[in-house]
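Novice: Questions regarding the structure given below will be posed in turn.
Any read-out appearing in this document is the output of simple, stated calculations on the displayed coordinates, not a laboratory observation. The structure presented is a predicted model; accordingly, all values stated were derived computationally and were not measured. Here the Cβ positions follow ideal geometry from the backbone for every residue, glycine too, while neighbour counts run over all protein chains shown.
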Amino acid sequence: MASTTRGAQPNDVRDEGEYDAIVIGAGFGGLYALHHLRDKMGLSVRAFDGAGGVGGTWWYNRYPGARVDAPSSPFYAYTFSKELVNEWEWTETQTSQAAVLAYLEHFADRFDLRRDIQFDTWISDARYDENTQRWTIETDTGDRVTAQFLICAVGALFVAHKPDYPGINDFAGECHHTGRWPHEPVSFSGKRVGVIGTGSSGIQSIPEIAKEAEHVTVFQRTPQYALPARNRPITTEELSQYRENWDSLRATMCARGGWPFKTSRRRASEDSPAQRRALYEGLWDQGGIHLAINSYVGVLVDKDLNNEVSEFVRDKIREAVRDPETARKLMPDYYFGTKRLILDNGYFETYNRENVALVDLREDPIEAFTGSSVRTRKGEHKIDILVLATGFDAVSGSMLKLNPKGRGGMSLVEKWDERFDTYLGTTIAGFPNLFMIHGPGSPGVFFTMPLGAERQMEWVGNCIRHLRDNGLGAIESTPDAETLWDKEIKQIADHTLYPLTDSWYMGANIPGKPRQFVGHLRGSQYFERLAEVAEAGYEGFAFEAVR
Ligand code: N01
């Protein structure tokens, strides 16, 4: 989570030491990287984060209603330590931001991580030296540190995207991006609030804001599918079951794309339309992602099946929203599940409130902002507070913001000018000894992120051990390996309906961003590939002896 171009003046720079590894970011990925490299492998490690504390995403995204937008407790957590699993008490099935943050704070304290993390520190430069085979980083606090390995755990959803509507900077009221929410409470009481964006952040925050505000106007560009989260207290039996079966559940999570749930092997053609409808109803009542993973094989591949499930969810929206005109505007028309699935807590019902209005930007686009209003083609909307739930330059954005300079001084911005090529989603040709956690081309958001970070980091650790054991000073993926990896990722994505939808998965939310599918859709297979590559003597990599 640490990267800006705000730099210290050269004469302010202090040499602050030499380490085996530098970790950038203190979210799920960075904290685990620090623990693994330092405590399991005995390396000297220094970590940095631009935030004032641990948490990464969970430090920044404090907007009202923020919760894990996936099946969460107890699975959205580290799995490597039985003791940690046993001692942490999750309270709800869909964990709140505050609870995840408390967990990560506990993790940092329990493993004594804070002493090696420098907070409130942004990396202003990261540069590889081919002669020494080391990375040098400079910070905006005036420090210069070197290390053989650079671990970038900079966050998949970190670089906030702000729309550039005419006059938006002239808006004189409070303006908050959901991904940069203030630490002090924001009071909506008696206020007219405008919310732009209806992704996970908008859909989670709108019901909460509407409970307090005098009026909320939602500016929607794309209507969304959302499934009921059905959040509830987690039972002691559920927690005990997880703890007792921790070993086998972890193995199941690894084998099943990050979650312990069985996915359906049944074909839609085996059931009649009435039987299918009954199944969808049951899965809807169950809540969470079950409708997406447990109906029939191929929901994200077969257009007809997807259309049927899409229509089922549209029916649910029609049932929930009383005003037919508002319901019409809320009808999603892309393939169900091809944008990030959203779990909601009363989002559609919120439109039945007197104090909530919906503006469909496809029919009534924003023309400009004034000091106190949003002017659309059809009218003017007076607002006191503007909430930008407009998402992120996802996955590649945070690496580009860090913009490390590799071999020959080549910057990542130059290298990724047209495509963000990686090998295994963890390394980049031309950037030796640099490893990414949840980088482009890895499963990232398509897997359970804490478990994915653990497994990627364990692979990186083994790779570092391989270098050390064999007198090697540098490792770097080859351009050919990147080209093949790129093909592999694309082939998997092209087999599905994902590429047919404009989404942040495709880079479509950021004007001018190259269209490229962002991740590896088969998480379990991905980790098998990592193991195969290592077993084959790190196939696709070039090594240099220690200089
Ligand atoms: O961002 P988004 P998000 N004018 O990109 C709209 C994760 N997450 O912050 O769909 C008007 O999904 C945009 O419209 P469109 C999760 O993985 C996790 O909600 O591009 N509107 C969309 O409606 C999630 O998927 C958690 O047409 C504009 C919205 O803004 C990811 O983060 C919680 C616009 C952005 O939706 C991102 O979610 C929340 C413009 N110029 C999120 N530009 C937790 O687990 C964009 N939009 C806690």
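Novice: Stokes-Einstein diffusion coefficient for region 449-490 at 37 °C in a medium of 0.692 mPa s, Rh from the Kirkwood formula over Cα pairs: what value in µm²/s?
Specialist: Numbers: Rh = 12.2 Å.
Rounded to a whole number, D works out at 270 µm²/s.
Novice: Additional query: Just grab the label-to-label distance for GLU87 and ASP129, each label 7 Å out from Cα along the Cβ direction, in nm (one decimal).
Specialist: 4.0 nm
Novice: What list do you get for SER310, SER201, SER272 if you sort them by fewest beta carbons within 10 Å? List each step's numbers first, then the result.
Specialist: Details: SER310 21, SER201 27, SER272 9.
Arranged by neighbour count, lowest to highest, SER310, SER201, SER272 become SER272, SER310, SER201.
Novice: May I ask you to derive the FRET efficiency for ASP494 and GLU105 from their Cβ-Cβ distance with R0 = 51 Å, giving the value to the nearest 0.05? Walk me through the numbers before you get to the answer.
Specialist: Working: r = 42 Å, r/R0 = 0.81.
With a Förster radius of 51 Å, E is 0.75.
Novice: Between ARG328 and ALA255, with labels modelled 7 Å along Cα→Cβ, what's the label distance in nm to one decimal, could you check?
Specialist: Between ARG328 and ALA255, the label points sit 5.1 nm apart.
Novice: Right, something else. Mean 1/r over all different Cα pairs, inverted: what Kirkwood radius does region 13-86 give, in Å?
Specialist: Numbers: mean 1/r = 0.0697 Å⁻¹.
By the Kirkwood definition, the hydrodynamic radius is 14.4 Å.
Novice: For region 405-547, treating each Cα as an identical point scatterer without solvent, what Debye log10 I(q)/I(0) comes out at q = 0.10, 0.13, 0.19 1/Å?
Specialist: -0.34, -0.57, -1.19
Novice: For SER295, what residues show an amide H to amide H distance below 5 Å, using hydrogens built from the backbone and excluding near sequence neighbours?
Specialist: Close amide H contacts, sequence-distant or interchain: SER264.
Novice: How large is Rg over Rh for the chain, taking Rg from the Cα atoms and Rh as the Kirkwood inverse mean of 1/r across Cα pairs?
Specialist: Values: Rg = 23.5 Å, Rh = 24.4 Å.
Reported Rg/Rh, Kirkwood definition of Rh: 0.96.
Novice: Please express the shape of region 235-329 as an equivalent ellipsoid: the semi-axes are the square roots of 5 times the eigenvalues of the C-alpha gyration tensor, given largest first in whole angstrom.
Specialist: Working: eigenvalues 184, 68, 27 Å².
Equivalent-ellipsoid dimensions as semi-axes: 30, 18, 12 Å.
Novice: How many percent of Cα pairs in region 79-155 exceed 21 Å?
Specialist: Working: 1425 of 2926 pairs.
Here the tail beyond 21 Å accounts for 49 percent of pairs.
Novice: Still on this structure, please answer the following. I'd like the orientation of helix 246-255 relative to the chain: the angle between its Cα long axis and the longest Cα principal axis, in ° from 0 to 90, rounded to 10.
Specialist: In the chain, helix 246-255 runs at an angle near 80 degrees to the longest axis.
Novice: Here is a further query. Can you tell me which of 75-85, 210-220 comes out highest on packing, and rank the rest after it, using the mean Cβ neighbours within 10 Å?
Specialist: Numbers: 75-85: 17.6, 210-220: 21.3.
Highest-to-lowest ranking by the protection proxy: 210-220, 75-85.
Novice: So for SER477, SER269, SER524, SER124, fewest C-beta neighbours within 10 Å to most, what's the order? Each step should come with its number before you reach the end.
Specialist: Working: SER477 25, SER269 10, SER524 15, SER124 21.
Least crowded to most crowded, the residues run SER269, SER524, SER124, SER477.
Novice: Which net charge results for the neighbourhood of LYS191, defined as the other residues with beta-carbon distances under 14 angstrom from its beta-carbon, given Lys and Arg at +1 and Asp and Glu at -1? All intermediate terms of the calculation are to be shown ahead of the outcome.
Specialist: Details: positive: ARG192, LYS211, LYS382; negative: GLU174, GLU208, GLU212, GLU214, ASP384.
Taking every other residue near LYS191 into account, the sum is -2.
Novice: A further question on this structure: How far, in nm, would the chain grow between ARG115 and ARG377 when pulled straight, counting 0.36 nm per residue and subtracting the alpha carbon separation? Let's see the in-between values first.
Specialist: Numbers: separation 262, 0.36 × 262 = 94.32 nm, distance 5.44 nm.
Full extension of this stretch gives 88.9 nm more.
Novice: What's the local net charge at ASP502, with K and R +1, D and E -1, over the other residues with C-beta under 11 Å away? Mind showing how you got there, number by number?
Specialist: Values: positive: ARG221, LYS339, ARG515; negative: none.
Every neighbour counted, the sum reads +3.
Novice: Which percent of Cα-Cα pairs in region 277-436 sits in each 5 Å bin, short to long?
Specialist: Here the calculated profile for region 277-436 is 1, 7, 11, 12, 11, 11, 12, 12, 11, 7, 3, 1, 0.
Novice: Expressed in nm to one decimal, what extension gain is obtained for the pair ARG243 and ALA508 from 0.36 nm per residue of sequence separation less their Cα-Cα distance?
Specialist: Working: separation 265, 0.36 × 265 = 95.40 nm, distance 4.10 nm.
Between ARG243 and ALA508, full extension yields 91.3 nm more.
Novice: Once you list every other residue whose beta carbon is under 14 Å from the beta carbon of LYS487, what net charge do they have if Lys and Arg are +1 and Asp and Glu are -1?
Specialist: Values: positive: ARG419, LYS490, ARG529; negative: ASP421, ASP480, GLU482, ASP486, GLU488, ASP494.
Result for the neighbourhood of LYS487: -3.
Novice: Right, something else. Roughly how tilted is helix 303-320, in degrees to the nearest 10 and between 0 and 90, from the longest Cα axis of the chain?
Specialist: 60 degrees
Novice: Then there is this: Could you work out the equivalent-ellipsoid semi-axes for region 157-247, taking the square root of 5 times each eigenvalue of the Cα gyration tensor, largest first, in whole Å? All intermediate terms of the calculation are to be shown ahead of the outcome.
Specialist: Details: eigenvalues 231, 53, 42 Å².
So the three semi-axes of region 157-247 are 34, 16, 14 Å.
Novice: Relative to the longest principal axis of the chain, what angle (0 to 90°, nearest 10) does the C-alpha long axis of helix 200-212 take?
Specialist: The two axes meet at around 50 degrees.
Novice: Sticking with this structure for a sec: Restricting things to alpha carbons, find the Rg to Rh ratio for region 354-404 using the Kirkwood radius for Rh.
Specialist: On the way: Rg = 15.8 Å, Rh = 13.6 Å.
Radius of gyration relative to Kirkwood radius: 1.16.
Novice: Right, here's the next one. Could you list TRP90, TRP504 in order of exposure, starting from the residue whose Cβ has the fewest other Cβ atoms within 10 Å? Write down the numbers at each step before the final one.
Specialist: On the way: TRP90 20, TRP504 23.
Ordered from fewest to most neighbouring Cβ atoms within 10 Å, TRP90, TRP504 come out as TRP90, TRP504.
Novice: Helix-derived [θ] at 222 nm for the chain: sum -39500 (n - 2.57) over DSSP H runs of at least 4, divide by residue count, nearest 500? Don't jump to the answer; show the numbers that get you there.
Specialist: Values: 16 runs with 167 residues, N = 547.
It lands at -9000 deg cm²/dmol.
Novice: On to the next question. Rg to Rh ratio, region 415-471, alpha-carbon atoms and Kirkwood radius? Kindly include the intermediate steps, with their values, before the conclusion.
Specialist: Details: Rg = 12.4 Å, Rh = 12.2 Å.
Dividing the radius of gyration by the Kirkwood radius yields 1.02.
Novice: Among 104-113, 230-239, how do they line up by average Cβ neighbours within 10 Å per residue, starting with the highest? Display every interim value, and only then the final one.
Specialist: Values: 104-113: 17.1, 230-239: 13.4.
Answer by packing, highest mean first, reads 104-113, 230-239.
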